[in-house]
Amino acid sequence: MKKYYLISLILVTIFSLSLFAQEYSYDYKNMKMDEYKAELAKWQKCEADNKAQIAEQEAQIAKLNEEIAMTEQQIADTWNEIYALLGTDKAGYEAYLGQLKALENELSGFVALSPEDIYTRMGELDGFKKRLAELKKDKKSLTTESQGYISRIENLIAQAEEKGKPAAAGMYEVQRGDYLWKISKKQDVYGDAYKWYAIYSYNKDQIKDPNLIYPAQVFRIPRMAGPNEHWVAQGEFLSKIAGYNNVYGNPFQWQKLYEANKSFIMDPNLIYPHTVLKIPR
């Protein structure tokens, strides 16, 4: 700021002197002494006036610098009071903002995933929600800056939930004359009658007998395995599934799968393709 004022003043001075010089042209060779002294006095007065203006500007700059320093100190004091009310200090507050920023960045990457990936990784989204809930309990979340982060994070969570919906289970209302095989064969369901077991296993709370369903029942139609679920493929069995790294990584844990799904698994040695198994954790 000081440099700016000085440069401006110097430019004004040079411009004034230039105008002054243009207004008066002198023939120094033929000038008399008293004329020379008179002109010299004019130049000296001009110089003195400009020096006075520079001194005045420097005084104003010094005053402004003092006011700036006082304002900065007031701001620092105010922030220290805020930190005290929040039960932290500057380093602690900045670390808290760093956590919010990291969560926002992770969620931005999560939202960029495909709907199918988001749906299968809903467990991670639940983890993001828990982290946010914990961060919101902190008094440091009350500042305007923190609220800005929190608002953006909540928006990203909502985007992820909305984006994952198309891959989630659809709905089908049973019509008179329907049976699971017929429903599964419909093009807007699976277009494959053999996938009827997916509907049965996914709606076991409503279907006691797969050969007996009723009009107006509303079934969930799974599109793919969701979080903590496994869609049984041809040739799979419980111990094989339990051995997968994304399940238990241990085939001897197959009994956990059986206990969680025995309402529709009559024989633990025999499971059907397209069965949707729940994976208890």
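The values are calculated or read from the model by the stated rules, or taken from the named source; none is laboratory data. This is a predicted model, so every value here is computed, not measured. All Cβ positions, glycine included, derive from the backbone under ideal geometry; neighbour counts span all protein chains shown.
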Within the range 248-281, residues at pLDDT 95 or above and more than 25 Å from PRO210 (Cβ to Cβ) come out as TYR248, GLY249, ASN250, PRO251, PHE252, GLN253
Positions within the range 254-263 being surrounded by 16 or more Cβ atoms within 10 Å (Cβ to Cβ) and free of Cβ contacts under 8 Å to residues at least 12 places away in the same chain, in sequence order
none
Can you tell me which of (1) assigned by TED's automatic domain parsing to the domain that holds PHE264; (2) at pLDDT below 95; (3) of a type in the set (S, T, N, Q) is the one SER114 doesn't meet?
(1)
Given the range 106-183, what helices (runs of 4 or more DSSP H) lie entirely inside it while holding 2 or more residues that are within 15 Å of the chain's Cα centre (by Cα)?
122-137, 144-164
Give me the pairs: first residue in the range 120-138 and assigned by TED's automatic domain parsing to the domain that holds ALA102, second residue among the hydrophobic types (A, V, I, L, M, F, W, C) and in a helix (DSSP H, G or I), beta-carbon distance under 6 Å, and six or more apart or on different chains, which are they?
LEU125/ALA160; PHE128/LEU107; ARG131/LEU103; LEU132/ILE153
State which residue is farthest from GLY191 (Cα to Cα) when the search covers only the range 212-227 and only residues that are part of a loop (DSSP other than H, G, I, E, B) and touching a Gly at 6+ places or on another chain (Cβ under 7 Å).
PRO227
Selection from the range 54-65 of residues surrounded by fewer than 14 Cβ atoms within 10 Å (Cβ to Cβ), of a type outside the set (A, V, I, L, M) and touching a residue at least 24 places away in the same chain (Cβ under 8 Å) yields GLN60, ASN65
Set ALA52, ALA91, ALA76, ALA95: member being over 26 Å from LYS140 (Cα atoms), part of a helix (DSSP H, G or I) and out of contact with any His (no Cβ under 6 Å at 6 or more places or on another chain):
ALA52
Which residues, taken from the range 183-223, are basic (Lys, Arg) and over 22 Å from ILE265 (Cα atoms)?
LYS185, LYS186
Output yes when any residue across the range 207-222 is under 30 Å from ARG131 (Cβ atoms), out of contact with any Lys or Arg (no Cβ under 7 Å at 6 or more places or on another chain) and not assigned by TED's automatic domain parsing to the domain that holds LEU132, and no when none is.
yes
